[in-house]
Every structure is written in C-alpha cells, then in structure tokens.
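The values are calculated or read from the model by the stated rules, or taken from the named source; none is laboratory data. The shown structure was predicted, so the numbers you read here are calculated from the model rather than taken from an experiment. Don't worry about glycine lacking a Cβ; one is built from the backbone with ideal geometry, like all the others, and counts go over all protein chains shown. These area figures cover heavy atoms from the full protein model, side chains too; ligands, DNA and RNA do not enter into them. Shrake-Rupley method; radii C 1.70, N 1.55, O 1.52, S 1.80 Å.
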Amino acid sequence: MSNRIEKVNALIKKELSSILLREIDFPKDALITVTRVEAVPNLSEAKIYISTMPDSQTDKVHEILKRRVYYIQQCLNKRLKMRPIPKIGFKKEGRTKQADRVEELLEQLKKE
C-alpha cells in the first residue's frame, strides 16, 4: 500500500471519528469506534470499519450510519482539503469479535 493511501486512511479515520462523536446521535449505552479505513488506490471509495460495544447494539448503530451516510459524507467533504474525497461506506468490524473469542478461550484455559 502506498504511503499516500496510508496517510489518507489515517486522515479519514481521524476526521470520521470526530464527526461520529460530535454530530451523530447513537444509543447512550453504545460505544462506537472507527477501527480502520481502507481506501482504494484511486481514492474513489473507502470502507469504514466500525466496532460497537456492546455487541447487541451493532445492528442499531449500523442502521443509524446507513440513514445518515450522506450527511456524514457532506461533513467529511467540508473538513478534508483534498480531491478526490472517497465515497464512504460503513462495514461491521469482524476482527473485534475474533479478538473477543480469543480472549474468552484464553480465560477458559487459565481456569483449567
């Protein structure tokens, strides 16, 4: 992956985290984290991976993100001083569940 793409991913992650924290209303008991951003090399689009705690809030959070994606994109367009700005799409982070499962298994092994 090129250095430019890595910088763009980091910048989008930082700005989106700020937008989600300040601009979007999520359920009070939900903790939302932008875990990673993967922009394609031509910067036409970017996948935004979102982790949600507790896991029971994941579907509700993604429904809110889906409804507000155009507003979030507009906020991002205003904040970033670059062209082109990738079209964003939200994805559920699967790595978090895998990490939770590994932690659970390690705890079981400690008890045995």
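Listing for the model above:
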item	result
Scope region 34-51; condition of a type in the set (Val, Ile, Thr) and touching an Asp or Glu at 6+ places or on another chain (Cβ under 8 Å); matching residues	35, 50
In region 1-44, residue surrounded by the fewest Cβ atoms within 10 Å (Cβ to Cβ) [restricted to those that are among the small types (Gly, Ala, Ser) and assigned to a loop (DSSP other than H, G, I, E, B)]	2
Index of the failed condition, residue 81 passing every other in (1) at pLDDT 95 or above; (2) outside any helix (DSSP H, G or I)	(1)
Tabulated pairs, region 34-61, first closer than 12 Å to residue 10 by Cα and among the polar types (S, T, N, Q), second open to solvent by less than 20 Å² (accessible area, probe 1.4 Å) and not in a helix (DSSP H, G or I), C-beta under 8 angstrom, 6+ apart or interchain	35/50; 35/51; 35/93
Residues within region 22-49 that are in contact with a strand residue (DSSP E or B) (Cβ under 8 Å, 6 or more places away or on another chain) and within 15 Å of residue 62 (Cα to Cα), tallied	10
